[in-house]
Amino acid sequence: MREVFENLAAQISPTDFIDVAIIAIIIYQVLRFIRETRAEQLVKGLLILIIVMIVAGVVHLYALNWLLRNFMQFGIIALVIVFQPELRRALEYLGRSSWFRGKLQSADKEKAKNVAAVITKAVDFFSTNHVGALIIIERNVTLNDFAETGVILNSDLAPEIFENVFFNGAPLHDGAAIVSGEKLRAAACVLPLTRNKDLPLELGMRHRAGIGVTEVSDAYAIMVSEETGVISTAHDGKLTRFLDVKALEKLLLDIYLSEKEPVRHGILRAFEKGNGDAQKQ
């Protein structure tokens with residue numbers, strides 16, 4: 001027995017440990033990414049089918065084993081089509097990881113405070129006066145496709161600009177406003193609706209669109225209910241409701257200035273290069 005272990009140890013090289021470590025990291029990141037998503041249920045279902053297929057082969061259930069093997073071959077193609085948004089999001093997540101980013105200059109603290117103050121003041125006005133609003137904060141994943149569905153503005157940020165955009169009856173009030181860095185990139189934008197069927201029934205299209213855009217990008221959405229004036233935020237497909245203006249301002253400052261990505265919300269700083277400001281994460 002000792003000789004067996006000695007021979008086994010002699011065959012293991014340092015690259016084997018590196019190989020196993022890389023595989024372990026990949027598996028961990030995949031599990032972390034799919035947690036609390038539709039893909040999590042998919043993985044559980046696939047594991048059950050694989051176990052059944054193995055058991056069928058062991059106990060010589062040839063017909064069942066053949067059926068499951070063929071399902072695995074053709075089912076993967078169907079799954080790629082069905083879960084295309086999740087796969088796209090995973091690739092975008094990989095593309096914006098720190099492995100592929102150079103060193104970025106720090107965002108100007110005073111500019112960040114000004115952006116947070118402007119958006120907070122506008123949202124406070126909307127909440128107090130029960131004006132419906134949907135503001136999207138663009139981060140690393142560009143929202144140009146969604147911006148082009150609305151009216152391109154590229155205007156400086158000011159509370160009065162937001163109030164004019166979302167004034168009930170104004171031409172641009174029906175849709176989302178996209179903020180990129182220090183600019184109001186576009187208004188009256190059309191966003192994809194969330195596929196989450198478990199949301200409260202009282203949430204309307206504004207909230208569902210805000211959640212939906214965060215499911216396909218790393219954007220941060222701010223929603224104000226026209227009926228109740230409640231302030232809500234969404235990120236990574238998760239909704240947070242009943243925020244006050246102080247909590248919102250803190251979140252906005254975190255988007256631009258925080259040193260690390262918060263565990264729960266995954267907030268990042270983003271001053272877009274196209275607006276002449278540096279971006280920091």
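In this structure, does Ser155 turn out to be polar (S, T, N, Q) and over 21 Å from Ser232 (Cα atoms)? Answer is yes for this residue. For Ser232, are the conditions met, namely being surrounded by 15 or more Cβ atoms within 10 Å (Cβ to Cβ), of a type in the set (Gly, Ala, Ser) and in contact (Cβ under 8 Å) with a residue 60 or more places away in the chain? The answer is no for Ser232.
Tell me whether the stretch 195-213 contains one or more residues that are of a type in the set (Lys, Arg), in the same structural domain as Arg241 (by TED's automatic domain parsing), in contact (Cβ under 8 Å) with a residue 24 or more places away in the chain and in contact with a helix residue (DSSP H, G or I) (Cβ under 6 Å, 6 or more places away or on another chain). No, every residue in the stretch 195-213 fails to be of a type in the set (Lys, Arg), in the same structural domain as Arg241 (by TED's automatic domain parsing), in contact (Cβ under 8 Å) with a residue 24 or more places away in the chain and in contact with a helix residue (DSSP H, G or I) (Cβ under 6 Å, 6 or more places away or on another chain). Just wondering, is there one or more residues in the stretch 50-64 that are modelled with pLDDT under 85, aromatic (Phe, Trp, Tyr) and part of a helix (DSSP H, G or I)? Looking for residues that are modelled with pLDDT under 85, aromatic (Phe, Trp, Tyr) and part of a helix (DSSP H, G or I), one finds none in the stretch 50-64, hence no. Could you count how many residues in the stretch 18-32 are among the basic types (Lys, Arg) and over 19 Å from the mean Cα position of the chain (by Cα)? Looking only at that region, the number is 0. Sub-7 Å Cβ pairs linking a first residue in the stretch 47-61 that is in the same structural domain as Ile76 (by TED's automatic domain parsing) to a second residue that is surrounded by 14 or more Cβ atoms within 10 Å (Cβ to Cβ) and at pLDDT below 90, at least 6 apart or interchain, are Leu49/Leu68; Val52/Leu68; Met53/Asn65; Met53/Leu68; Ala56/Leu64; Ala56/Asn65; Ala56/Leu68; Gly57/Asn65, ordered by first then second residue.
The values are calculated or read from the model by the stated rules, or taken from the named source; none is laboratory data. Model, not experiment: these values are computed from the prediction. Quick reminder, even Gly has a Cβ in these numbers, built from the backbone with ideal geometry, and neighbours come from all protein chains shown.
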